[in-house]
1. Suppose we filter region 34-58 for residues that are in contact with a Lys or Arg (Cβ under 9 Å, 6 or more places away or on another chain) and more than 14 Å from Tyr257 (Cβ to Cβ); how many remain?
2. May I ask you to list the residues in region 204-226 that are in contact (Cβ under 8 Å) with a residue 12 or more places away in the chain, surrounded by fewer than 20 Cβ atoms within 10 Å (Cβ to Cβ) and either in contact with a Gly (Cβ under 6 Å, 6 or more places away or on another chain) or not hydroxyl-bearing (Ser, Thr, Tyr) (or both)?
3. For region 125-174, which residues satisfy the criterion of being closer than 18 Å to Tyr229 by Cβ, hydroxyl-bearing (Ser, Thr, Tyr) and in contact with a strand residue (DSSP E or B) (Cβ under 9 Å, 6 or more places away or on another chain)?
4. Trp341 versus (1) at pLDDT below 90; (2) not in a loop (DSSP other than H, G, I, E, B): which is the lone unmet condition?
5. Can you tell which of Ile280, Ile232 is β-branched (Val, Ile, Thr) and surrounded by 18 or more Cβ atoms within 10 Å (Cβ to Cβ)?
6. Which one of these is touching a Phe, Trp or Tyr at 6+ places or on another chain (Cβ under 6 Å), modelled with pLDDT of 85 or more and crowded, with 19+ Cβ neighbours inside 10 Å: Val264, Val286?
7. Run Val209 past the list (1) under 15 Å from Phe138 (Cα atoms); (2) among the β-branched types (Val, Ile, Thr); (3) out of contact with any Lys or Arg (no Cβ under 7 Å at 6 or more places or on another chain) and report the number of the one that doesn't hold.
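The values are calculated or read from the model by the stated rules, or taken from the named source; none is laboratory data. Remember, predicted model here, so these are calculated numbers, not experimental data. Neighbour counts are summed over all protein chains in view; Cβ atoms, including those assigned to glycine, are modelled from backbone coordinates with ideal geometry.
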Amino acid sequence: MRSVLTPIVMVCSLVGGLQAQVPDALRRSLELRRSYQTAEMRYRLKLVGPWGDSFRNFESRIAGASYMVIDRGDDDGVITYSAHTGLPNLGMRGACAPVLELVDRSSGSAWYFQEGSGSATSQTPAEATALDIRTIGFEPFPLISDPSAMIENWKQFFPSPGHWRVKESGHFTQVVAERDFDVKQAPKHRQRWVWTIDPSRDDVVVSIVIEVALPDQAPRTWGKGETTYKLIDGHWIPSAFTGWREGKKDEVLRAEYELLEASVDKEHHPRTLTVDMLKIPEGTLVGSPLDGRRGVQVWNGQSAVSREEWLETKRPPANQSDDTTLAGHQKADHYRYPAWWYDSAGLNGLKGVPTDPNEWEAYVRRWCIRHEANEKQRTAARGILDDCRKEARAYWEKHRPELEKLESRQNKLDPASKELVAVRAQQDKLLQPVSAIFDRLKARLEPLLLDKQATVRSQPTSAAVSSTKP
């Protein structure tokens, strides 16, 4: 059942020429996601499926119907992982390079660019290349879409007015879409979609449930999503989302979203989003998914031009072939390693980690990444972490009143005062036992390494990349 129902949703959503009226409550909920003119957001998105667990830190800019998304990778700044080993692809060009995607509705184009890659992709018309965060919560599992396309998909998937109804459930409104399917792609069955809407908060969708039922069988849940909200700058913004739906065969796809920061309709927000915001370097190849290699052009700093025009117009002394320019990009060490890799203090980019047990997990994780630890070593490292962190947290709890008092005094003192120096010295002395436990943690990790791991791979000579945040 699971293997055949998944594609039917996408197939039916593409059937054209049919009309339906999406109920006002659901339409309003989606339209309110577009009621603000500009926005900037930071959020985390975790996806779980047959590919394994994958989470990313994103930044999103919105201006009207256009939006730009920056993928910063996971907490360690890593973008790509090996499908065979599950280990990060460190040392490879672009392993830690932010990915920037732009859907520019004003020009009708969409762009994809990974910093340091030497190439970009452009396509017209502007089909969505990244998740528009304004659509989170309307489906059990986030899909690449935008608000306008989502409404059209609903209308085509449930084309008859008789497929839709609205009912009250306590102080909530429920929009129900239901119909039978009898097509070649799947056995005959019925699908029922239920959006639960809260009218007291500008008709936000708090849950979506999809049920399927074969003839003479009770309905079963095929997918479900729940969303919570925060009131930010006068708008109800999704702050958290959890959802799942069935995939092919026995797969289950899961998603978790967490909003980290958001601002709406601020004066400093850009009113338009253009390709120059991607900061594509001159000499970068620009291709189209539709044109293949024949349509490849070169970015001249303002637009994509032919190779011939690029060679004629670029400024001396850089009068080289674009192939030579790209060879320079290929050799660059930028983005092969995360910024914390270059930390000369030996703290893996975690300032203050010796006295903060809450950061020790990140330190151990990065230690495992740096030394390419195998599963057995990672398990042993986790045991050492748990042991040391338990001891350090017990000390912290015992001395918490003193530490909080010292922290409070520091916050009230003038940064240039001598008293502040004395208070910090007291705090350092009180935290010395925690730092000593951290030193023991590091010492206990080293014997886990094999001889070939004891000498860390040669470090690249290039400086850390500022845009890859530790």
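1. The total comes to 8.
2. Val206, Val209, Glu211, Ala213, Leu214, Pro215, Pro219, Lys224, Glu226, listed by residue number.
3. Residue satisfying the conditions is Thr173 alone.
4. (1)
5. Ile280 is the lone residue from the list that is β-branched (Val, Ile, Thr) and surrounded by 18 or more Cβ atoms within 10 Å (Cβ to Cβ).
6. Val286
7. Tallying (1) under 15 Å from Phe138 (Cα atoms); (2) among the β-branched types (Val, Ile, Thr); (3) out of contact with any Lys or Arg (no Cβ under 7 Å at 6 or more places or on another chain), Val209 fails exactly one: (3).
Yes or no, residue by residue, for (1) assigned by TED's automatic domain parsing to the domain that holds Met150; (2) of a type in the set (Phe, Trp, Tyr); (3) free of Cβ contacts under 8 Å to residues at least 40 places away in the same chain; (4) closer than 25 Å to Pro140 by Cα:
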{"position": "Val48", "(1), (2), (3), (4)": "yes, no, no, yes"}
{"position": "Asp53", "(1), (2), (3), (4)": "yes, no, yes, yes"}
{"position": "Arg61", "(1), (2), (3), (4)": "yes, no, no, yes"}
{"position": "Tyr81", "(1), (2), (3), (4)": "yes, yes, yes, no"}
{"position": "Ala95", "(1), (2), (3), (4)": "yes, no, no, no"}
